[in-house]
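To start, the structure itself, in structure tokens.
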Amino acid sequence: MHDPHAPAREVPAAEFDVANLTPGIKQRFFLHVMDGLAGPVRLPMLAAKGIRPGRTLFVVAGVHGDEYEGMAAIRQVFGELDPAKMSGAMAAIPVANPFAYEARARVSPLHLDGLNLARVFPGDPNGSPTRALAHALLQLVARCVGREDLFLDFHSGSADVAYASMVGFRDGVNPGQAASEEAARHFGLPRLWRIPDSPGPFNAETSRLGIPTIGTETTGRAGCEPEDVARYAAGLRNLLAFLGIASRGQPPERNGRPALATFEALSPATGFLNAATRLGDRVKRGDLLGVIVSVFGDPVADVRAPVAGEIWAQRAMAATRTGEIVNLIAETGR
């Protein structure tokens, strides 16, 4: 197995490959990405490889530095793994953005570049620190995750917006979309999300490369609720069983519900939001979601539902600016 107190071994990120891991052991690494002004920039890596060959589950959390549920779930499930009973491997980076994590923030600090890592993939090896980090991460996943494997990108809501727990796959950009959807259906969450395409997110760019990819959201708000960690840990165990890496005895149940597309309701004005809905509410097209008022309390604008469906994300911060998200609505058509 491994010595849990052994220091993590440092290796260049560009040289790490799951295929080169020693079968039958669990290891901890620091992946050296680049040199910064304050020293080397390193990513923590937890890796377990079974004694038998098989598929790879590659997991990241902390693309946003204040999203903690995935980090906790990774550490919990990694601690449970026994390589002597595994076929294939699990490799996981619990903190994918050390810049934002150290700052206890969603994005990299302004003195570096102030960028949102989840908006700059595929990155640039010669760019600013966040862009260089994005490039290194995408190259790492592309090297380690094949068409029979799976990439999982853990996310959570922000301080501004709380999310319902959901799992999804990118819609329309993934040559491996069928494999991605099937994996999402075995994660174990009832809400299945058909994630719209957008440039820049990690899981969008891995999908574009044809890598089977799923992503998640949960409450967040810079917290770490035990029930959300438990959902993510259970999902990891389900995926390990679904991929045949680590059996739980019972195969995970397949979710046969429709995968739903989502639509954003954006604030039409700057002001203070008086919300008229809550997370999980069902709304009809045109229903009132909230009213934007001035600092004096005078109505400025209404926010109305663009589609009929269920609210999967709800603005939690009352202060809002024009164009910011108020709700994310999963379209049900009724």
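The values are calculated or read from the model by the stated rules, or taken from the named source; none is laboratory data. From a predicted model like this one, the values you see are computed outputs, not experimental measurements. Don't worry about glycine lacking a Cβ; one is built from the backbone with ideal geometry, like all the others, and counts go over all protein chains shown. Protein only, heavy atoms only, side chains kept; ligands, DNA and RNA dropped before computing areas. Shrake-Rupley method; radii C 1.70, N 1.55, O 1.52, S 1.80 Å.
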- prompt: Among (1) open to solvent by 60 Å² or more (accessible area, probe 1.4 Å); (2) in contact (Cβ under 8 Å) with a residue 24 or more places away in the chain, which single condition is ARG285 missing?
  reply: (2)
- prompt: Does GLU69 fit the bill of being among the acidic types (Asp, Glu), open to solvent by less than 70 Å² (accessible area, probe 1.4 Å) and within 20 Å of the chain's Cα centre (by Cα)?
  reply: yes
- prompt: Any idea which of ASP82, ASP17, ASP35, ASP113 is in contact with a strand residue (DSSP E or B) (Cβ under 8 Å, 6 or more places away or on another chain), acidic (Asp, Glu) and surrounded by fewer than 21 Cβ atoms within 10 Å (Cβ to Cβ)?
  reply: ASP35
Test: ALA47 is open to solvent by less than 10 Å² (accessible area, probe 1.4 Å), under 18 Å from LEU236 (Cα atoms), over 16 Å from the mean Cα position of the chain (by Cα) and modelled with pLDDT of 95 or more: yes
query: Of the residues GLY79, GLY88, GLY65, which is in contact (Cβ under 8 Å) with a residue 40 or more places away in the chain, not aliphatic (A, V, I, L, M) and not in a loop (DSSP other than H, G, I, E, B)?
result: GLY88
field: Tally of residues being at pLDDT 95 or above, in contact with a Lys or Arg (Cβ under 7 Å, 6 or more places away or on another chain) and open to solvent by 30 Å² or more (accessible area, probe 1.4 Å) across region 124-159
entry: 2
- prompt: Identify, please: which residue in region 226-240 is touching a residue at least 40 places away in the same chain (Cβ under 8 Å) and more than 16 Å from the chain's Cα centre (by Cα) and is, among those, surrounded by the most Cβ atoms within 10 Å (Cβ to Cβ)?
  reply: LEU240
- request: Go through SER294, SER267, SER247 for me and flag whichever is among the hydroxyl-bearing types (Ser, Thr, Tyr) and within 28 Å of VAL107 (Cα to Cα).
  value: SER267
- prompt: Which of (1) of a type in the set (D, E, K, R); (2) within 30 Å of GLY88 (Cα to Cα); (3) outside any loop (DSSP other than H, G, I, E, B) does GLU264 not meet, given it meets every other one?
  reply: (2)
message: Quick test of your reading of the structure: PRO53 fulfils all but one of (1) part of a strand (DSSP E or B); (2) surrounded by fewer than 23 Cβ atoms within 10 Å (Cβ to Cβ); (3) of a type outside the set (Asp, Glu); (4) touching a residue at least 40 places away in the same chain (Cβ under 8 Å). Name the failing condition by number.
response: (4)
- request: For region 302-317, enumerate the residues that are open to solvent by less than 40 Å² (accessible area, probe 1.4 Å) and closer than 23 Å to ALA159 by Cα.
  value: VAL303, ALA305, GLU310, ILE311, TRP312, ALA313, GLN314, ARG315
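Table: residues versus (1) closer than 17 Å to GLU67 by Cα; (2) without any contact (Cβ under 8 Å) to a residue 24 or more places away in the chain; (3) part of a helix (DSSP H, G or I).
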residue	(1), (2), (3)
GLU102	yes, no, yes
ASP124	no, yes, no
HIS135	no, yes, yes
SER156	yes, no, no
SER207	no, no, yes
GLY210	no, no, no
- request: Could you run through region 20-32 and say how many residues are open to solvent by less than 20 Å² (accessible area, probe 1.4 Å), in a strand (DSSP E or B) and more than 19 Å from ALA233 (Cα to Cα)?
  value: 2
statement: Looking across region 247-261 at residues that are open to solvent by 20 Å² or more (accessible area, probe 1.4 Å) and in contact with a Lys or Arg (Cβ under 7 Å, 6 or more places away or on another chain), the single one that is nearest to ALA47 (Cα to Cα) is ARG248
